[in-house]
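*Asks:* For reference, the structure I am asking about is given below.
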Amino acid sequence: MGCAKRIIPCLDVTDGRVVKGINFLELRDAGDPVEIAQRYNDQGADELTFLDITASSDNRDLILHIIERVAEQIFIPLTVGGGVRKVEDVRRLLNAGADKVSINTTAVLNPQVVEDAASRFGSQCIVVAIDAKKVDNQPFEWEVFTHGGRNPTGLDAVKWAQKMVSLGAGELLVTSMDRDGTKIGFNNPLNKAISDAVDVPLIASGGVGNLQHLVDGVTVGGADAVLAASIFHYGEFTVQQAKDYMRQHGLEMR
Amino acid sequence: MSRLQVAIVDYGMGNLRSVANAFKAVAPSISIAVTSDPEQIAQAERVVFPGQGAMPDCIRELDARHLRQAVLEATQQKPFLGICIGLQMLFEHSEEGDVSGLGVYAGEVKRFPHERMVDVHGAKLKVPHMGWSQVHQTQSHAMWSEIPDQARFYYVHSYYVAPNEASLTAATTAYPFDFTGAIARDNVFAVQFHPEKSAGAGLQLLRNFVNWKP
């Protein structure tokens, strides 16, 4: 009863191609976005997230063409994030075929964008991405970071999550900067603290190394969905294997 | 202008491209268009009434484009598919913004009540209800053709319809209580979930709509 827990493969896109790398170093071309999206769809992915990591603003529009092509052929929810600065960016991504747009650094620099986008397009399509790191120099446990984890903000991640929901975020994508790329599992205490503090769904991200980590993300961390990149990209596991494993461990899966 | 086989009503709320894309995928040879022209909607063979966002905005934008009459006529005359807010707007009233709907059916659009959002294990259920849930078909219908009972469809909503007449309900979903996931009456079929985002089962429902002869 309820919702199936979602598995969301994440595709990093730059200059119109999907890339993969280890800790964002040595990015290598991993292929055509539509083909890769189709493969994950065929494996039973519940949703897809595209993260635009294009450095040059000249090539930013390429993500729109990718989303257009994917949306013509794949009929599951598509989330796009990366480089969203204005309400107009949200509109263009939605018009290209994104179902949800993820806002990260801009939410911190200009929270009004979250509020304006949610009131204009509906909370259902506004995801706020929160990059958090455990800190010991603050009166709270986890601090929000921006710019891919480089800049501390002084914000308490749990309170920040509540604020984003009050401004209209319909979902939160929580990435543990401590765990990202480590393959030691999600930061479940962080996710649990945020999940308990808000009513909207939480997507856990950062640190997945094996299938038990996905289960723990839900059962220990209280996540409604789990996002993973490398375990799927490198062919260690298929999405179907992940879903089977989670189902065998008592979780409701599609 | 030739007569459309499927008109997707565009009243400026949200992206209707996904709905059009999905119809094109299941029925590549038929004429489909996203339109805000009341005349084109009146002439169309079949009408799809989608919607996302907040219901008060949807009603306001529908009226701003003078589409209320065309939509009401379609509900009386031809195969009609409501999706998400397009289902909710068919009812009399919504708790969302305390707004009146089109009043095609008696009933209320309600918000998931905070105090009841707990599953059988005592875990908190999130609102919006976002994700793939099982759809239990409560009546047999041509629109369910080739779709197994309890197939999963993708939902994203914070409000649900509570029809006064129980016989209107064509499917229920448990979250955690059974709410109406689809309604059916004569030439009208409307769903709370998003068939255009529900992979195989969703595409089959759209295929069934194109072939439906109420």
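*Asks:* Across region B:171-201, which residue is surrounded by the fewest Cβ atoms within 10 Å (Cβ to Cβ) among those that are touching a strand residue (DSSP E or B) at 6+ places or on another chain (Cβ under 6 Å) and assigned to a helix (DSSP H, G or I)?
*Replies:* Result: B:Ala201.
*Asks:* Give the residue that is nearest to the chain's Cα centre (by Cα), with candidates limited to residues of region B:12-50 that are within 14 Å of chain A (Cβ to nearest Cβ) and in a loop (DSSP other than H, G, I, E, B).
*Replies:* B:Pro50
*Asks:* Which of the residues spanning region A:222-245 are within 14 Å of chain B (Cβ to nearest Cβ) and surrounded by 20 or more Cβ atoms within 10 Å (Cβ to Cβ)?
*Replies:* Listed by number, the residues that qualify are A:Ala223, A:Asp224, A:Ala225, A:Val226, A:Leu227, A:Val239, A:Lys243.
*Asks:* In this structure, is A:Val114 hydrophobic (A, V, I, L, M, F, W, C), outside any strand (DSSP E or B) and buried (at least 21 other Cβ atoms within 10 Å of the Cβ)?
*Replies:* So A:Val114 fits the description; yes.
*Asks:* Out of the residues in region B:157-170 that are in contact with a strand residue (DSSP E or B) (Cβ under 7 Å, 6 or more places away or on another chain) and among the aliphatic types (A, V, I, L, M), which is nearest to the other protein chains (Cβ to nearest Cβ)?
*Replies:* Ranking the candidates gives B:Val161 first.
*Asks:* Oh, and also: Determine, yes or no, whether B:Glu146 is among the charged types (D, E, K, R), part of a loop (DSSP other than H, G, I, E, B), in contact with a helix residue (DSSP H, G or I) (Cβ under 8 Å, 6 or more places away or on another chain) and surrounded by fewer than 22 Cβ atoms within 10 Å (Cβ to Cβ).
*Replies:* For B:Glu146, the condition - among the charged types (D, E, K, R), part of a loop (DSSP other than H, G, I, E, B), in contact with a helix residue (DSSP H, G or I) (Cβ under 8 Å, 6 or more places away or on another chain) and surrounded by fewer than 22 Cβ atoms within 10 Å (Cβ to Cβ) - is met.
*Asks:* Hey, any hits in region A:174-194 for a residue that's part of a loop (DSSP other than H, G, I, E, B) and within 14 Å of chain B (Cβ to nearest Cβ)?
*Replies:* no
*Asks:* Then there is this: Determine which single condition A:Asp199 fails, assuming it passes every other condition in (1) under 23 Å from B:His157 (Cβ atoms); (2) within 15 Å of the chain's Cα centre (by Cα); (3) surrounded by fewer than 24 Cβ atoms within 10 Å (Cβ to Cβ).
*Replies:* Answer for A:Asp199: the failing condition is (2).
*Asks:* Another question, then. Within the set of pairs 6+ apart or on separate chains, which have a first residue in region B:187-213 that is at positive phi, a second that is assigned to a helix (DSSP H, G or I), and C-beta atoms under 9 Å apart?
*Replies:* Hits for this filter: B:Ala199/A:Asn41.
*Asks:* Now a separate question. Could you list, in sequence order, the residues of region B:105-124 that are surrounded by fewer than 19 Cβ atoms within 10 Å (Cβ to Cβ) and part of a loop (DSSP other than H, G, I, E, B)?
*Replies:* Correct list: B:Pro113, B:Met117, B:Asp119, B:Val120, B:His121, B:Gly122, B:Ala123.
*Asks:* Looking only at residues that are surrounded by 24 or more Cβ atoms within 10 Å (Cβ to Cβ) and either in contact with a Pro (Cβ under 7 Å, 6 or more places away or on another chain) or assigned to a strand (DSSP E or B) (or both) in region A:125-138, which one is farthest from the other protein chains (Cβ to nearest Cβ)?
*Replies:* A:Asp131
*Asks:* So, one more: Can you tell me which residues in region B:65-108 are closer than 20 Å to B:Ala174 by Cα and within 13 Å of the chain's Cα centre (by Cα)?
*Replies:* B:Ile83, B:Cys84, B:Ile85, B:Leu87, B:Gln88
*Asks:* In region A:139-173, which residues are in a strand (DSSP E or B) and acidic (Asp, Glu)?
*Replies:* Hits for region A:139-173 are A:Glu143, A:Asp156, A:Glu171.
*Asks:* Kindly evaluate B:Tyr159 against the criterion of being closer than 25 Å to A:Gly44 by Cβ, touching a residue at least 60 places away in the same chain (Cβ under 8 Å) and not β-branched (Val, Ile, Thr).
*Replies:* No; evaluated as a whole, the condition is false for this residue.
*Asks:* A:Asp12: at pLDDT 80 or above, among the acidic types (Asp, Glu) and within 22 Å of A:Val84 (Cα to Cα), yes or no?
*Replies:* Yes.
*Asks:* Kindly indicate whether B:Phe209 is over 22 Å from A:Met253 (Cα atoms) and at pLDDT 95 or above.
*Replies:* Yes.
*Asks:* Could you go through region A:73-92 and let me know if any residue there is over 22 Å from A:Pro111 (Cα atoms), part of a helix (DSSP H, G or I) and either touching a residue at least 24 places away in the same chain (Cβ under 8 Å) or not acidic (Asp, Glu) (or both).
*Replies:* Within region A:73-92 (the criterion being over 22 Å from A:Pro111 (Cα atoms), part of a helix (DSSP H, G or I) and either touching a residue at least 24 places away in the same chain (Cβ under 8 Å) or not acidic (Asp, Glu) (or both)), the answer is yes, since at least one residue qualifies.
*Asks:* Sticking with this structure for a sec: Answer yes if at least one residue in region B:51-72 is outside any loop (DSSP other than H, G, I, E, B), polar (S, T, N, Q) and out of contact with any strand residue (DSSP E or B) (no Cβ under 6 Å at 6 or more places or on another chain), and no otherwise.
*Replies:* Within region B:51-72, one or more residues are outside any loop (DSSP other than H, G, I, E, B), polar (S, T, N, Q) and out of contact with any strand residue (DSSP E or B) (no Cβ under 6 Å at 6 or more places or on another chain).
*Asks:* Among residues belonging to region B:125-143 that are away from every other protein chain (no Cβ under 11 Å) and surrounded by 22 or more Cβ atoms within 10 Å (Cβ to Cβ), point out the one that is nearest to B:Asn211 (Cα to Cα).
*Replies:* Selected residue: B:Met143.
The values are calculated or read from the model by the stated rules, or taken from the named source; none is laboratory data. Computed from a predicted model, the values in this text were never measured in an experiment. Heads up, the Cβs are rebuilt from the backbone with ideal geometry, glycines too, and the neighbour counts pull from every protein chain shown.
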